[in-house]
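Contents: one structure, followed by commentary.
All of the numbers you see were taken from the coordinates with simple rules; none came from a lab. Here the structure is a predicted model, which means the values were calculated and not measured. Please note: Cβ atoms are built from the backbone with ideal geometry, for glycine as well, and neighbour counts cover all protein chains shown.
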Amino acid sequence: MVPDSRLIIALDVTDREEALQISRKIGGLVDAIKVNYPLILSCGLGIVPEIKKYANVIADFKVADIPNTNRLICEETFKAGADAIICQGFVGNDSVKACVDVAAQFGKEVYVVTEMSHPGAIDFIQKHAMDLVDVAIKNGASGIIAPATRPERLSEIKRRSKDLKILSPGVGAQGGDARTTLDAGADFIIVGRSIYNAKDPYQAAIDLIGQLRR
Ligand code: O7E
């Protein structure tokens with residue numbers, strides 16, 4: 001994924017028509033559309049190729065299983081047309097490697113979650129965030145997920161992550177700021193509610209892109 005607008009929408013709506021309408025409207029503005037369980041559980045994996053008509057699709061399935069199950073999940077996801085998949089790093093090197101191996105067969109990308117953006121991330125995952133960056137590097141992932149809600153942590157993770165691309169959720173509804181997040185080291189911001197709950201999602205996306213280009 002090559003940065004242009006640097007904005008990725010998290011399309012966490014559950015209504016198929018709404019999902020497609022938003023994708024149609026803003027697909028040309030954003031660098032990717034991220035789909036997560038709320039949309040896929042309500043509409044099925046078949047919605048991926050439909051959304052792909054409008055933008056690259058990142059499957060945020062936070063894959064976290066044994067290597068064989070990870071492999072099967074990744075195969076189904078890439079067969080459906082997703083351009084990238086997100087996996088958890090805490091399950092270990094072999095499980096992440098299984099995702100990266102399948103992605104390589106399909107010519108797709110894997111992003112590994114390091115520190116999450118919500119307050120509960122401090123309970124357990126934060127203590128291991130740098131180890132998780134190392135897991136992503138060691139296994140040849142394309143990038144990582146790091147929090148827009150803690151710019152100082154994002155900067156530390158950036159220093160550790162070398163050339164990995166950083167996708168950063170937590171802007172808007174979770175309190176993070178778009179420009180600050182880029183300045184702290186993110187390559188892309190991931191934004192959900194502040195766009196899809198806006199009166200005019202197209203304008204909300206334009207406004208965010210304006211902040212990113214300042
Ligand atoms: O808060 P919102 O509405 O802007 O949505 C944020 C999206 O990013 C949502 O899909 C959520 O599941 C996801 N996310 C986080 O909010 N925090 C994280 O730490 C990680 C993710 C995520 O997407 O992980 C993979 C990118």
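Spacing of the modelled spin labels on V2 and A198, each 7 Å from Cα toward Cβ, amounts to 2.6 nm. For the chain, averaging the sequence separation of C-alpha pairs within contact (under 8 Å, six or more residues apart) and dividing by the residue count gives a relative contact order of 19 percent. Charges were assigned to the Cβ only: +1 to each Lys and Arg, -1 to each Asp and Glu. The resulting dipole of the chain about its Cα centre is roughly 360 debye. At an R0 of 22 angstrom, the distance between the Cβ atoms of D94 and F124 translates into a FRET efficiency of 0.60. Charges were assigned to the Cβ only: +1 to each Lys and Arg, -1 to each Asp and Glu. The resulting dipole of region 85-194 about its Cα centre is roughly 100 debye. Anything in the chain that counts as a DSSP H helix reaching 24 Å or more along its axis (C-alpha) with Kyte-Doolittle mean of at least 0.0? List them, would you? Result, helices passing both filters: zero.
Oblate is the label for the chain. Its Cα gyration tensor axes, ordered a ≥ b ≥ c, give a/c of at least 1.5 and b/c at or above a/b.
Taking the DSSP beta bridges with both ends in the chain, the antiparallel portion is around 0 percent.
Reported to the nearest whole Å, the Cα centre-to-centre distance from region 32-68 to region 92-165 is 19. Loop-located trypsin sites (Lys or Arg not before Pro) in region 5-76 (DSSP state not H, G, I, E or B) with no more than 16 neighbouring Cβ atoms inside 10 Å: K53.
Straight-line cross-link reach from K162 at under 29 Å between alpha-carbon atoms covers these lysines, not counting any fewer than eight positions away in the same chain: K34, K62, K97, K108, K127, K138.
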